[in-house]
Amino acid sequence: MEHRYDPTSTNHELVLMGVVPDDKDDGEAGRDDLFGETPDAPIDVGDGPERVQPDANGEPGGAAATASTTKSTGRKRKSTSPVWEDMDEIFETVNGVQVRVAARCHYCKKELSARSSGGTGHLSRHAEKCKLRHGIGRAGHQSMLRFNADGTVINWEYSADVARVQLCRLIARLDLPLCFGESEAFVVYIKTAHNPRHVNVSRQTTTRDIEKYFKEQHAKLAERLKSVSCVALTSDIWSGNAKEDYLSVVVHFINSDWELEKRILAMRLIDCSHSGSNIAERISTVLGEYGLTDKVFSITLDNASSNTTAMDTLKPLLSGYVGPLLMHQRCGCHIINLFVKSAFDVLKSYLDDFRTAISFLNSSNQRIAAYKSFCIAMSVRPHKFGLDMDVKWNSTYLMLKHLISYKSTFDVFIQTHYPQRKEGALLTNDHWYVGEKILEFLERFYDSTVVTSGTGNSGLANAPGLGANPMNLSSNPSLLSRRTSASALLHAASTNAGIAGTELSSYLDSDTVQKFNDDFDILDWWRDRKITYPVLSILAKDILSVPVSTVSSESAFSLVSRVIEERRRRLAPSMVEMLSLVKDWEEADARTQHTAENKATLEAFEDMFFDGDQI
């Protein structure tokens, strides 16, 4: 049957939208089957208040209402779709009954088909697009412009869902309590200074949001690690509460841009004995969750006997990449800390005398003022001195470094103001001689620890014997020899011995790097030559991803074990893990991992001058 459409009818609008209306006879038949053959009037679906169009004289009724039939007596209901916040309904009176036939957009004033028997999906889509074109937010308010880091500008509007996600990130990064979102001070600050439409977030909601966000980021990290050819691991035990300790598993890898990265994979509760079998079981479980079992190049652990036992269990499981030869690495920072701790035990009396002298100066404001005046008289900028921390040996290094720099003024002031003792002066020439030797001793370990605990490419440039001269490693027999170990690894990694031999010979015959500085990056060097040395560059990429230490830089100078913060000990183990991992992942994306604490310690000793009237 040929359809003929009236261009003034609502069916014509449906045709223009690509929707073919039912044939009239088919529609009539379907209506008769459903409602019977008696009613001829349109059905009132009750989706809006009854509206009567006025006639030419302004009275109710009019030409459109002349053909009156029996009205539906069904109960009318209000339109509940949110689309009517952006649309006006247009009705026609047919046989005495008002029927919605169209809708008018608030923003562009365009009329769209909106019969009562149809849906509102096309109206919602039009309203969303129209609001974007007119810069209107979802709540009907004028939106704001946001400038992105790349210079682009987009419309911004408040979203409670986005606010909740960002609150989770804030809580994790700043170690805030889970109830922070519902605290009165925070809510007042946000509503007063930023957004009066802010929706409060309860502790329970934040807990669920953190779990959801963690799962999303966990899946993203697992997907990203699929593209990594090999990884290096570190693991350590953090002390918790009531013997509830945590085993951390950290992955180190070099990304496609030849940048060294680090991510904490897990912080698992280990409430049983710290035996090798328990440690191995948790590490293998974590690797299975991320699909890294056949990608492990090495695992760096401290020198505990249980870790050696754990590696005996893990080596057969994780030797699929390069075999067990290089699998187990010893923690360099742990060894350095043992050296330093032993030295402090021998030199404790000298260090205690320096601490006593600093405490004597700082214990009186009058004494500080007198020292300040003395320094000014000696044409020396007055400097304050802080005490070190028992568990942070880098603070002892920094204390001695600044104290010895001001030996001339500090020694004279202490000699003239400190009460006389039977044993003699508090600080003697022997003290200053030993102090200088301790400083020289600690300086070497301090620089080495900064390098070995770094998480970025810059640490590789200063690594002893690695970054300084990447093509002349044979001068130090304790490091990787390019003529022995490199050739052995090359043979193991390449199936084409002829090509590998040619590449290795070309590398050994090339010129060495003669000039380098603190900005030298060995990974950049290999990246720029990955076409020249395709196999060797892969070997270098794998080897240079191996960390020398199991600890991050904020714990590298600690003489005690890593400890879970007191505020985190009250949380469930699963929440401790989620918050710890989210914090690390967020800081890794921002390239700010493990910088705050060491900077704070360094600045505490660097910026200690008496300026102005400060006492």
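Between Thr293 and Ser319, what is 0.36 nm times their sequence separation minus the Cα-Cα distance? Round to one decimal in nm. Don't skip to the end; give the middle numbers.
Working: separation 26, 0.36 × 26 = 9.36 nm, distance 0.88 nm.
Net length gain for the segment: 8.5 nm.
Once you have all Cα-Cα distances for segment 158-214, histogram them in 5 Å bins from zero and send the whole-percent values.
4, 21, 32, 28, 13, 3, 0
Please give, to one decimal in nm, the separation of the simple spin-label points placed at Asn148 and Gln204, each 7 Å out from Cα toward the Cβ.
3.8
Quick check: residue separation of Trp156 and Lys129 times 0.36 nm, minus the Cα distance between them. What number comes out in nm?
Details: separation 27, 0.36 × 27 = 9.72 nm, distance 1.49 nm.
Extending this stretch completely gives an extra 8.2 nm.
Can you give the extra length, in nm with one decimal, that the chain gains between Ala370 and Arg224 once fully stretched, where that is 0.36 nm per residue apart less the Cα-Cα distance? Intermediate values should be presented prior to the final figure.
On the way: separation 146, 0.36 × 146 = 52.56 nm, distance 6.12 nm.
Contour length minus the Cα-Cα distance gives 46.4 nm.
Work from the charge dipole of segment 281-417 (Cβ charges, +1 for Lys and Arg, -1 for Asp and Glu, about the Cα centre) and give the residue of Phe360, Leu398, Ile376 farthest towards its positive end.
Ranked along the dipole, the leading option is Ile376.
Nothing charged except the Cβ atoms of Lys and Arg (+1) and of Asp and Glu (-1): what's the magnitude of the dipole of segment 342-412 about its Cα centre? Round to the nearest 20 debye. Spell out each step's value before the answer.
Working: 9 positive and 6 negative charges, 70 e Å.
Dipole about the Cα centre, nearest 20: 340 debye.
Treat the count of other C-beta atoms within 10 Å as a stand-in for reagent exposure and order Tyr290, Tyr158 from fewest to most.
Working: Tyr290 21, Tyr158 18.
Ascending number of Cβ neighbours within 10 Å: Tyr158, Tyr290.
Cross-chain or 8 or more residues apart, Cα under 17 Å: how many lysine pairs in segment 99-222 fit that? Count them up, please.
Details: Lys109/Lys129; Lys109/Lys131; Lys110/Lys129; Lys110/Lys131; Lys212/Lys220.
Lysine pairs satisfying the spacing and distance rule in segment 99-222 number 5.
Could you work out the per residue convex hull volume over the alpha carbons of segment 211-331, in cubic angstrom? Don't skip to the end; give the middle numbers.
Values: hull volume 13.3 nm³, N = 121.
Looking at segment 211-331, the number lands at 110 Å³ per residue.
For Arg570, Arg268, Arg169, what's the fewest-to-most ordering of other Cβ within 10 Å of each Cβ? Walk me through the numbers before you get to the answer.
Values: Arg570 10, Arg268 19, Arg169 16.
By the 10 Å Cβ count, ascending, the order reads Arg570, Arg169, Arg268.
Read the figures in this text as sums done on the coordinates, not as results from a lab. Just so we're clear, the structure is a prediction, and the values are computed from it rather than from any experiment. Note that we place each Cβ from the backbone using ideal geometry, even for glycine, and neighbour counts take in every protein chain shown.
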